[in-house]
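S.K.: Please find one structure pasted underneath; my questions will follow.
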Amino acid sequence: MEQIKKALNESALIRWLVLLLVSISMAANYYFYDALSPLKQYMGEYLGFSSADYGIFISAYSFPNVFLAMAVLGGIITDRLGIRITGTTFLVLMVFGSFFTAYGASDYFNGGGIGYGFCQSFFPGWSPALKVMFLGYFLFGLGAETSIVVITKIVVKWFKGKEIALALGINLAIARLGAAMSLIITPALASPDWTTPIWFGMLLLSISFLLFMFYVLVDLKLDRQRKIDVMEEDKFRIADITELLVNKSYIFIALLCVTFYSAVFPFIKYAPDLLHNKFGLPLSRASTITSMVYFGTILFTPLFGWFADNKGKSASIMIFGSVLLILVHLSLSLTMITPYIPMFILGVAFSLIPAAMWPAVAKIVEESRLGTAYGLMFSIQNLGLWAFPILIGMVLDRSNPGVTADLVAKGEAVFNYTNPVLMLATLGILGLVFALLLRREDKTSGYGLELPNRQESV
């Protein structure tokens, strides 16, 4: 009789199957986010994008999360309406966004297709392709960040008090497998039609939406077992945000989050082009080397998550990861050391900090407010993800006057990436400062960030 009443999340098999299901949805999200990285030169050749134009397009992802505060609003919505309604809504936005991104790049649209004339009638400083692709990436970003909040909260819901850091680590590992595969598959799909990888990304997002619908049924059954009424349990209060903003531990984690991710994700958007220009590598090989960052996380994030679950030391792990990040950017900007080494080290750094950071938030914030907490962190993070692709593009153009994608394609010039990458190294230094402050604060806060995450059974 006791076995029959056992909740679904008490079954290890179902718990891990749920993790696999939602992680696939997140992997499709990450796939599409990075599928555009190897296409920078194609956008310059076929659409006339400058480096600054490319940076503006990439920044569209974070625009709604910065200027509309959608990541934090999405977190609030998640806490208020629950993960099922919120996840479904924002995954739909991702599918629509991927469609417009692909359509704006297509030969049909740029040959005068539906909407082309209208797009020529306003904002003449931007090409029609840039406008529609910006809209598409805007919608994708509008859905993507909130969907990450939703999936993170799902993992916490099913694993809190169990293997939470390991589960979050595996979730990130699967997601980054999607990102890594996009860097390998995109160059292969780009011939003969360079827009094929974008359409393929849209297909994966559509499949992931259907898989999430299956998860919704499982989650509904769990809540009925636990007799949870989300609409009654999770009412948002303004105090939820103000309490977070006066919590020093949370603030240091959020600031570390924005500096760390700003030094990684915008860099990856330019990394294939950087390796192509600095080391003379073919774009396909440069993209494959860039994918090493993600393959490193696939192995190491679950490993470091297991360590944080069983041994603790989350704040110390974040310090070490920040140091590695600084070394990577200094190496790539100031030396000609083979790129395999810094890319591998970046994969280790990119495993250390997330494996410690996201479970640490679950120690600081109660479960019913985690959507708001993660959403606020993603909004702060997106300040960097919006600003730094633009800054990198501007610094790149100004550091390379007269250099264009056409000249690079002909082998008549190269982009010098020294100044943009040095700029990212300063973010690593700031991240190190925030990680040190977090460890100091943990000694007085009582949250136990240096203690193991896993609760012993009694």
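S.K.: Using the structure shown, list the pairs from 157/443; 40/410; 162/248 with a Cα-Cα distance above 21 Å, or answer none.
M.R.: Working: 157/443 28 Å; 40/410 15 Å; 162/248 26 Å.
In this structure, 157/443; 162/248 exceed 21 Å between Cα atoms.
S.K.: Here's another thing I want to ask about it. Rounded to the nearest angstrom and ordered from largest down, what semi-axes does the equivalent ellipsoid of segment 50-152 get from its C-alpha gyration tensor (root of 5λ)? Don't skip to the answer; put the middle values down first.
M.R.: Values: eigenvalues 167, 39, 20 Å².
With the √(5λ) rule applied to segment 50-152, the semi-axes are 29, 14, 10 Å.
S.K.: Given only helices, namely DSSP H runs of n ≥ 4 each adding -39500 (n - 2.57), what is the per-residue ellipticity at 222 nm of the chain, to the nearest 500 deg cm²/dmol?
M.R.: Numbers: 22 runs with 363 residues, N = 458.
-26500 deg cm²/dmol, from helical runs alone.
S.K.: Moving on to the next point. Relative to the Cα centre, what is the charge dipole magnitude of segment 326-458, using +1 at the beta carbon of each Lys and Arg, -1 at the beta carbon of each Asp and Glu, and rounding to the nearest 20 debye? Let's see the in-between values first.
M.R.: On the way: 8 positive and 9 negative charges, 34 e Å.
With Lys and Arg at +1 and Asp and Glu at -1, about 160 debye.
S.K.: What stretch of the chain, leaving out the sites themselves, is the longest with no GluC sites (Glu not before Pro) in a DSSP loop having at most 14 other Cβ atoms within 10 Å? Each step should come with its number before you reach the end.
M.R.: Details: sites that count: 366, 412, 456.
Between the exposed loop sites, the longest stretch runs 1-365.
S.K.: Sort largest first and round to whole Å: the equivalent ellipsoid semi-axes of segment 126-187, each the square root of five times a Cα gyration tensor eigenvalue.
M.R.: Details: eigenvalues 198, 55, 5 Å².
In descending order, the three semi-axes are 31, 17, 5 Å.
S.K.: Relative to the compact globular guide of 2.2 N^0.38 Å, what is the alpha carbon radius of gyration of segment 281-336, as a ratio?
M.R.: On the way: Rg = 14.5 Å, N = 56, 2.2 N^0.38 = 10.2 Å.
Expressed relative to 2.2 N^0.38 Å, the Cα Rg reads 1.43.
S.K.: Now for a separate question. Give me the compactness ratio for the chain, meaning the Cα radius of gyration over 2.2 N^0.38 Å. Walk me through the numbers on the way to the answer.
M.R.: Numbers: Rg = 21.6 Å, N = 458, 2.2 N^0.38 = 22.6 Å.
That ratio works out to 0.96.
S.K.: Here is a follow-up. What's the longest piece of the chain with no exposed trypsin sites (Lys or Arg not before Pro), counting a site as exposed if DSSP puts it in a loop and it has at most 13 other beta carbons within 10 Å? List each step's numbers first, then the result.
M.R.: Details: sites that count: 6, 227, 235, 237, 410.
Free of exposed loop sites, the longest segment is 7-226.
S.K.: At a Förster distance of 51 Å, what's the computed FRET efficiency of residue 89 paired with residue 327, Cβ-Cβ distance as r, to 0.05? Provide the component values of the computation, followed by the final result.
M.R.: Details: r = 41 Å, r/R0 = 0.81.
So the FRET efficiency works out to roughly 0.80.
S.K.: Further question on the same structure: So for segment 12-445, averaging the separation of alpha carbon pairs under 8 Å that are six or more residues apart and normalising by length, what relative contact order in percent results?
M.R.: On the way: 731 pairs, mean separation 125.5, N = 434.
Result for segment 12-445 is 29 percent.
S.K.: Separate question: Just name one of 449, 36, 137: the one whose Cα is farthest towards the positive end of the charge dipole of the chain (beta-carbon charges, Lys/Arg +1, Asp/Glu -1).
M.R.: Among 449, 36, 137, the one farthest towards the positive end of the dipole of the chain is 449.
S.K.: Roughly how many debye, to the nearest 20, is the charge dipole of segment 12-445 about its Cα centre, given +1 on each Lys and Arg Cβ, -1 on each Asp and Glu Cβ, and no other charges?
M.R.: Numbers: 29 positive and 25 negative charges, 204 e Å.
The dipole of segment 12-445 has a size of about 980 debye.
S.K.: Also, I was wondering about something else. Given 156, 385, 208, which one lies farthest toward the positive end of the charge dipole of the chain, if we put +1 on the Cβ of every Lys and Arg and -1 on the Cβ of every Asp and Glu?
M.R.: The one lying farthest along the dipole's positive direction is 156.
S.K.: Okay, which of segment 44-69 sit inside 13 Å, backbone N to the point 7 Å along the Cα-Cβ direction of residue 383?
M.R.: Under cut-off, by backbone N: 66-67, 69.
Values in this text are rule-based calculations from the coordinates and carry no lab data. Computed from a prediction, not measured in an experiment: that's the story for all the values here. As a convention, Cβ positions derive from the backbone with ideal geometry for all residues, glycine included, and neighbour counts pool all protein chains shown.
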